[in-house]
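Structure first, commentary second.
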Amino acid sequence: MRIARWMVPVIVVGVMTPISIGLGAVMLGTFDDSEAADGNAPAPVGTELKAGDVGVPVIYAKLIRDAADDCDDKLLTAPVLAAQLKQGSNFNPRALSLASDGSDGSGDDERSLTDPRTEDQQAADDTADDKTDEEPLEESPTGEPSSPESPLGDELTEGTRAGRPVTKGIAQFSDADWAAEGIDGNNDGTKDVLDPADAIPSQGRKMCGLLRTAKEHSGYRGAPLELALAGYHAGWTTVETYGGVPRATGADGETYQYVKAVMKSSPQMVVPAGGNAAGGWTLPVQAPAGTPYHQRGSSWSTGLHTGVDFVVPTGTPVTAIGPGEVVTAGPGGDYGNQVVIRHEDGMYSQYAHLSQVKAVVGQSVQGGTLIGWSGATGNVTGPHLHFEMRTGPAFGSDIAPTPYLRAKGLIS
């Protein structure tokens with residue numbers, strides 16, 4: 001980036017405080033009849049999927065959002081699909097589940113090779129198996145107390161429970177389910193259960209179908225979304241057998257715990273817009289703007305300025321504008337020390353002429369994450385932050401940054 005002179009006129013960027021959107025959490029209770037009364041359980045509401053270790057890997061965020069958007073049922077949201085993937089495979093595209101007999105179907109019973117959960121997660125889940133906060137249901141969907149003759153609420157014996165098949169991939173499909181429901185999501189001519197580009201769209205389509213089925217059974221125990229999750233985990237036949245979501249105790253208590261975990265964690269998969277404290281979207285620095293986008297000049301290799309400059313002295317902390325993954329961190333020729341971040345919508349932000357880089361390639365960041373300090377490295381005449389928005393990671397893919405920042409509620 002060649003800059004012949006520092007722009008004296010300064011344009012102050014007006015910053016407005018974005019409105020944070022609350023999260024409507026759906027918490028799993030006892031699956032009583034009132035939850036399925038009108039078939040319209042509230043769904044988590046948010047903006048961007050949260051990136052990082054406690055959220056969604058950036059490379060999967062767009063797939064998840066598109067899978068949710070492809071369903072016409074608004075109960076199916078990106079946070080719900082993300083929470084399923086987190087619970088089922090921990091976003092591991094090659095995860096292989098354990099069958100009901102404790103094996104992975106390959107003859108190798110080493111749990112660490114097949115269980116996607118960390119040791120801490122396994123310990124927490126084992127503790128949850130021993131302690132349950134479920135209250136017994138008092139009534140059946142007909143309004144009558146459950147009787148010994150009624151299958152609703154009765155515990156099935158281990159002999160009654162259908163054997164759990166091995167499930168594979170990020171979306172945890174069995175071979176039989178994949179053969180029937182898997183799709184070629186990326187249109188590459190191959191339907192691969194281990195390819196997230198196929199598995200995540202298939203997950204969305206399956207959940208959408210299960211929601212339609214669930215809404216046809218208003219008398220079942222559980223809200224439609226809970227019933228769909230139970231059907232995804234154990235098969236719809238299991239839901240029919242129990243007349244709803246299985247209870248926490250009994251042979252299929254694992255399904256109850258799965259539904260509970262997904263419903264509880266789905267609101268945690270999003271961050272509200274605006275404010276680095278919430279990990280949402282924020283400006284890279286709080287400073288006036290200098291050289292604008294596409295200013296003409298012979299000092300730039302393309303004849304146009306490819307970003308916008310922020311007037312800051314050397315050593316000013318520079319932060320990521322929003323959730324994403326660092327794809328470039330280090331020397332960048334005329335850009336000097338730079339950081340490039342890929343965001344979940346497929347766009348890239350670049351931060352150049354840094355005096356020092358803190359971020360590392362592969363790091364997941366949130367809005368407000370410190371990635372370096374401003375400086376005057378590369379081809380410059382003075383310290384400042386050069387900022388670009390791009391459609392790709394490399395030079396030449398720049399777009400006007402102002403509309404993007406405005407869409408995120410960062411400027412007026």
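Scan the stretch 361-375 for residues that are open to solvent by 30 Å² or more (accessible area, probe 1.4 Å) and modelled with pLDDT under 95 and jot them down. Give the derivation first.
To start, the set of residues in the stretch 361-375 that are open to solvent by 30 Å² or more (accessible area, probe 1.4 Å) comprises 361-364, 366, 369-370, 373.
The answer is Val361, Gly362, Gln363, Ser364, Gln366, Thr369, Leu370.
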Of all residues making up the stretch 320-347, the number that are surrounded by fewer than 22 Cβ atoms within 10 Å (Cβ to Cβ) and closer than 19 Å to Thr402 by Cα: 4
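What strands (runs of 3 or more DSSP E) lie completely within the stretch 313-412 and have 3 or more residues being under 21 Å from the mean Cα position of the chain (by Cα)? Steps first, answer last, please.
Values: elements: 317-319, 324-331, 337-343, 348-357, 370-374, 385-390.
Because the criterion is at least 3 residues that are under 21 Å from the mean Cα position of the chain (by Cα), the strands (runs of 3 or more DSSP E) in the stretch 313-412 that meet it are 324-331, 337-343.
Within the stretch 236-266, which residues are assigned to a loop (DSSP other than H, G, I, E, B), among the hydroxyl-bearing types (Ser, Thr, Tyr) and surrounded by 23 or more Cβ atoms within 10 Å (Cβ to Cβ)? Give the derivation first.
Initially, the stretch 236-266 is screened for residues assigned to a loop (DSSP other than H, G, I, E, B), giving 243, 245-252.
Restricting the remaining residues to those that are among the hydroxyl-bearing types (Ser, Thr, Tyr) gives 249.
None; the set is empty.
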Residue that is surrounded by the most Cβ atoms within 10 Å (Cβ to Cβ), among those in the stretch 164-193 that are touching a residue at least 40 places away in the same chain (Cβ under 8 Å) and part of a loop (DSSP other than H, G, I, E, B): Ala171
Scan of the stretch 194-235 for residues that are closer than 23 Å to Ala95 by Cα, touching a Leu at 6+ places or on another chain (Cβ under 9 Å) and either open to solvent by 30 Å² or more (accessible area, probe 1.4 Å) or of a type outside the set (A, V, I, L, M, F, W, C) (or both), ordered by number: Pro196, Pro201, Gln203, Gly204, Gly231, Tyr232
First in the stretch 64-81 and within 19 Å of Lys215 (Cβ to Cβ), second anywhere and polar (S, T, N, Q) and surrounded by 19 or more Cβ atoms within 10 Å (Cβ to Cβ), Cβ under 6 Å, 6 or more apart: Ala68/Thr77; Val80/Ser266
Subset of the stretch 348-360 (residues that are open to solvent by 30 Å² or more (accessible area, probe 1.4 Å) and aliphatic (A, V, I, L, M)): Val357, Val360
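The values are calculated or read from the model by the stated rules, or taken from the named source; none is laboratory data. Predicted, not measured: the structure shown is a model, and the values here were computed from it. Counting neighbours? That spans all protein chains shown, and the Cβs are built from the backbone with ideal geometry, glycine included. Note: accessible area is taken over every heavy atom of the protein model, side chains too, but ligands, DNA and RNA are not part of it. Shrake-Rupley method; radii C 1.70, N 1.55, O 1.52, S 1.80 Å.
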